[in-house]
Amino acid sequence: MLEVVIGLILQGYTSNNYGRIGITVPHHGNTITKVYTHSPAYEIGLEKGDKIISADGEPGTKLITGTAGTVVTLKVLHKDREYVYYIPRVIDKEVYDQ
């Protein structure tokens, strides 16, 4: 298993502190259906079709979002290989208005 660290932090846009990493995953699924350009997920190379195994050690995708500025640990199946990514949760209007 390969571990990848990304240190990208983007400027906040909204007044709340809700952060995301820049992907779309169906409510009852674990396969990434969209990766937003210029997001932390995009910057580390996550792709549409990658499967999320766990977020912060918990199976599934429930813990991906959280407080902006914190980091989520994702275990992902990417091109038939398991990776662990440390991805910052961010708030950025330009990333999510695509």
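What follows draws every value from the coordinates through simple rules; no lab data is involved. Quick caveat, the model's predicted, so the values are computed rather than measured. All Cβ positions, even for glycine, are placed from backbone atoms using ideal geometry, and neighbour counts span all protein chains on display.
For residues that are among the small types (Gly, Ala, Ser) and part of a loop (DSSP other than H, G, I, E, B), scanning just segment 39-64, find the one that is farthest from GLY19 (Cα to Cα). The residue in question is GLY49.
In segment 26-35, of all residues being assigned to a loop (DSSP other than H, G, I, E, B) and over 10 Å from the mean Cα position of the chain (by Cα), the one that is surrounded by the most Cβ atoms within 10 Å (Cβ to Cβ) corresponds to ASN30.
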